[in-house]
Amino acid sequence: MIPRKTYTVDEAQKRLERYCVYQERCHKEVTQKLYEMKMIPEARDKIIVHLLQHNFLNEERFARVFVRGKFRIKKWGKQRIQLELKRKDINKTIISIALKEIDMNDYFDTFNTLAEKKTATLRETNIQKKRKKLADYLFYRGWESQLVYDKIRELIP
């Protein structure tokens, strides 16, 4: 069995600084990383305070970047984004602030494009099954139920 590397507080702090600079991180990810590094609770707290004071760690900034990325790249709806942020223990207030990053015109355009593309690829002949497949796809991506049902009525009469 290979012995695990141990870190001093300074080494762990430098490593976590690089970890946070590479990509925005939330508190939960940083805490998990420190736990994996087998740091004691006092050292973890000291390092997290340092990261917060030097702006390496910022929950609001993380949430804003997360929202923009998941919406633009993965085409997720607000429901899915909200759920994923809650899983990362992000505060509800910060989530609502971050969701304002999404322009509503872009939101509806993306939703319409996504629904139309998916409808075009569905090869189901049974209308009910076709509707269900489209609904499941859009719900999985986190789009609101009212939007989904209205769009299904429009695309699959």
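The values are calculated or read from the model by the stated rules, or taken from the named source; none is laboratory data. Since we're looking at a predicted model, the values are computed, not measured. Note that we place each Cβ from the backbone using ideal geometry, even for glycine, and neighbour counts take in every protein chain shown.
Brief remarks on what is shown
- Residue match in region 13-26 (condition: surrounded by 13 or more Cβ atoms within 10 Å (Cβ to Cβ), β-branched (Val, Ile, Thr) and without any contact (Cβ under 8 Å) to a residue 40 or more places away in the chain): no
- Residue that is surrounded by the fewest Cβ atoms within 10 Å (Cβ to Cβ) [pool: residues in region 36-93 that are aromatic (Phe, Trp, Tyr) and farther than 25 Å from Lys117 by Cα]: Phe56
- Ile102, sole failed condition from (1) without any contact (Cβ under 8 Å) to a residue 60 or more places away in the chain; (2) part of a helix (DSSP H, G or I): (2)
- Given (1) over 23 Å from Lys28 (Cβ atoms); (2) modelled with pLDDT under 95; (3) of a type in the set (D, E, K, R), index of the condition Asp109 fails: (2)
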